[in-house]
């Protein structure tokens, strides 16, 4: 079974270059809606059996056209929302982004005890995301073993989650920078347990 981890399309907060992680969050821009439709056109021929998204407005709006193209509905999922930045919420100043990077980088190196100022620790983010993905796998495997499911989520948590889930995603890749809007990280189940990353935002692994 494959899992497409998809970053949402361009949101209003993306254009404002601010940290906006609280739910429900900002909507998509006009360009974001166009990107969401282009995503649907791109993936409509894939063997996707279900479309999931976080509860964030931008994720729901991104997933909508894909679900419509596949004649299904968007199913909201707990636990796959963006990293909660706590006291950094709504900020776009250099100090805020520096604090964000200095918190996330240790997570990619295995130190999950570090927490965002007033926000989540790596342990909390890892627990909720991997649990959510595990529950989706249990729900769809083995019935959809030859198919795929799509999960529209968020750039930061996808990069981290892919490293935590996969046997071939190294810290350097998870920490290299943003996944583009509607970028896809393609995973495949490993027999028994675990996942293997097949492609990262268009780059084959």
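Counting only the backbone N, which residues of the stretch 84-100 are under 19 Å from the spot 7 Å out from the Cα of residue 17 toward its beta-carbon?
Of the residues in the stretch 84-100, 88-100 have backbone N under 19 Å from the label point off residue 17.
Determine, for 6, 158, the number of other Cβ atoms within 10 Å of each Cβ, and report the residues in order from fewest to most.
Starting with the residue having the fewest Cβ neighbours, the order is 158, 6.
Can you give me the distance in nm between label points at residue 102 and residue 138, each placed 7 Å from the Cα along the Cα-to-Cβ direction?
Result for the modelled spin labels: 3.9 nm.
As a test of the formula, what do you get for the chain when each DSSP H run with n ≥ 4 contributes -39,500 (n - 2.57) and the sum is divided by the residue count, at 222 nm and rounded to the nearest 500 deg cm²/dmol?
-12000 deg cm²/dmol
Ignoring solvent entirely, what values of log10 I(q)/I(0) come out of the Debye formula for the stretch 68-113 at 0.15, 0.30 Å⁻¹ when each Cα is a single scatterer?
-0.59, -1.15
In which sequence would 170, 159, 126, 91 go, from the one with the fewest C-beta neighbours within 10 Å to the one with the most?
170, 91, 126, 159
Among [x] 16.0, 48; [y] 23.3, 84; [z] 19.3, 59, which is the computed Rg and Dmax of the Cα atoms in Å?
The value computed from this structure is option [x].
Any chance you could run the full-extension gain for residue 44 through residue 198? It's 0.36 nm times the residue separation minus the Cα-Cα distance, nm to one decimal.
Length gained between residue 44 and residue 198: 53.5 nm.
Each value in this text was obtained by applying a stated rule to the coordinates, not by laboratory testing. Bear in mind that the values here come from a model prediction, so they are computed numbers and not experimental data. Here the Cβ is made from the backbone with ideal geometry for all residues, glycine too, and neighbour counts use every protein chain on show.
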